1. Going by a ≥ b ≥ c, the root eigenvalues of the Cα gyration tensor, does segment 77-207 fall in the rounded group (a/c under 1.5), the prolate group (a/b larger than b/c) or the oblate group?
2. Quick one: among I272, I14, I118, which has the greatest mean-square fluctuation in a GNM of the chain with alpha-carbon springs under 10 angstrom?
3. For segment 91-99, what does the Karplus curve 6.51 cos²θ - 1.76 cosθ + 1.60, with θ = phi - 60°, yield as ³J(HN,Hα) per residue in whole Hz, taken in order and with x for Gly and Pro?
4. Could you derive backbone 3J(HN,Hα) for segment 36-50 from the dihedral phi with the Karplus parameters 6.51, -1.76 and 1.60 (θ = phi - 60°), listing whole Hz in sequence and x where the residue is Gly or Pro?
5. Which of rounded, prolate or oblate describes segment 219-260 when judged by the alpha-carbon gyration tensor and an a/c cut-off of 1.5?
6. Per DSSP H run of at least 4 residues, take -39500 (n - 2.57); add these up for the chain, divide by its residues and hand me the 222 nm value, nearest 500 deg cm²/dmol.
7. Dipole of the chain (Lys/Arg Cβ +1, Asp/Glu Cβ -1, origin at the Cα centre): which of V55, Q122, N38 lies farthest to the positive side?
8. In segment 167-213, with Lys and Arg counted as +1 and Asp and Glu as -1 at Cβ, which of these residues, Y196, I176, V208, has the Cα nearest the positive end of the dipole, that is, farthest along it?
Amino acid sequence: MTENKKKTMKPRPIFNTKGDDTLQKRTIIKGNITGIFNLNDVKYNWAKQLYQVMVGNFWVPEKVSGLGDDATMYKNLSDAEKRAYKGVISFLTFLDSLQTVNLPHFSDYITAPEVNLILSIQSYQEAIHSQSYATILETVVSSNEREEIYYFWRDDKILLERNEYIGNLYQDFLDIPNDENFFKAIIANYLLESIYFYNGFAFFDTLVYNQKMVATGRMISYIRRDELTHVTIFANIIRAIQTEFPEMYDEKVIVDMMKTAVEQEITWTNHILGNDIAGITEESTDLYTKWLANKRLQTLGIDPLYPEVMKSPYRHLEHMEDNNSEKTNFFESTVINYTQSTSMKGSWDF
């Protein structure tokens with residue numbers, strides 16, 4: 001480990017009279033900023049574009065109708081479907097809870113106000129997602145099952161190991177805020193947003209495809225639409241660090257962490273879904289997770305880990321995922337280019 005990797009990072013100041021907010025001096029991290037949100041001069045164009053999309057995606061769970069019908073339908077699910085429904089929601093609830101708490105800490109080290117702005121919106125969206133799961137549980141399942149779902153990890157060793165792995169990566173940076181731990185925390189954010197949610201989403205999509213739990217699936221589709229923007233935020237942050245702080249960037253760390261994420265995701269999904277859900281098998285879970293990993297690495301300009309897996313096994317579900325029209329396809333496949341540009345001066349309105 002180099003001394004550079006051990007270098008301690010400091011959070012951005014609240015107010016710094018000696019700061020320099022000019023575009024020429026602005027960097028994604030470690031910038032000498034005043035603390036003033038100057039949003040008329042924007043270096044990272046992708047942040048402004050994402051801001052417009054994220055604000056345009058505004059929604060609240062109270063506006064999603066039909067959960068009462070899901071409550072009736074839930075009683076008719078198979079035991080395997082009920083167990084999967086509860087286990088998947090438990091893990092998704094943990095992921096969004098973790099992001100809601102962690103993102104403000106992470107944002108303390110970002111020194112581009114336009115990026116801080118969209119991270120604030122992301123924090124809000126993660127809180128909305130947590131509220132959404134609470135709304136689902138309040139409406140669909142019995143009160144005695146809710147406690148079981150929230151604390152599923154207490155009695156499930158595999159889920160506990162998953163939760164601890166993710167939480168520890170974030171905690172390591174909070175405890176020792178150096179370059180190495182920061183980079184790992186960024187990659188953990190990217191993996192969480194781009195890998196960890198998606199087998200759970202595929203489960204709900206499959207239920208809807210089989211005409212079950214339609215309102216839950218509709219709410220999940222809104223959550224997935226938000227998550228696609230979150231994937232893009234962290235992909236762009238990683239690319240910015242690669243460009244501006246190449247000494248921090250480590251492709252091997254990304255690949256190794258992706259391998260671990262894929263292994264854990266397959267183990268957990270097979271544990272909670274297995275071959276007991278119509279339309280999902282252990283083989284399809286393996287193929288889907290590896291295909292998704294290749295896609296996420298490609299977004300970062302990294303060669304596929306699993307070149308033998310080039311297609312999703314869930315092609316029949318793709319039309320259900322495209323609830324954001326061109327935006328969904330755009331964010332799934334593209335990292336928005338960022339440039340230093342005076343053309344971005346002006347209003348952040350639509």
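1. Working: a/c = 2.30, a/b = 1.78, b/c = 1.29.
Prolate is the answer for segment 77-207, as a/c is 1.5 or above and a/b outweighs b/c.
2. Result: I14 has the largest fluctuation of those listed.
3. 5, 5, 4, 4, 4, 6, 4, 4, 5
4. 7, 7, 8, 9, 7, 10, 10, 8, 9, 4, 4, 5, 5, 4, 5
5. Working: a/c = 6.37, a/b = 1.80, b/c = 3.55.
In terms of gyration-tensor shape, oblate.
6. Numbers: 13 runs with 212 residues, N = 350.
Result for the chain: -20000 deg cm²/dmol, rounded to the nearest 500.
7. Farthest towards the positive pole: N38.
8. With unit charges placed on the Cβ atoms, the residue in question is V208.
Every number here is computed from the coordinates shown, using simple stated rules; none is lab data. Computed from a predicted model, the values in this text were never measured in an experiment. Reconstructed Cβ throughout: ideal geometry from the backbone, glycine too, with neighbour counts over all protein chains shown.
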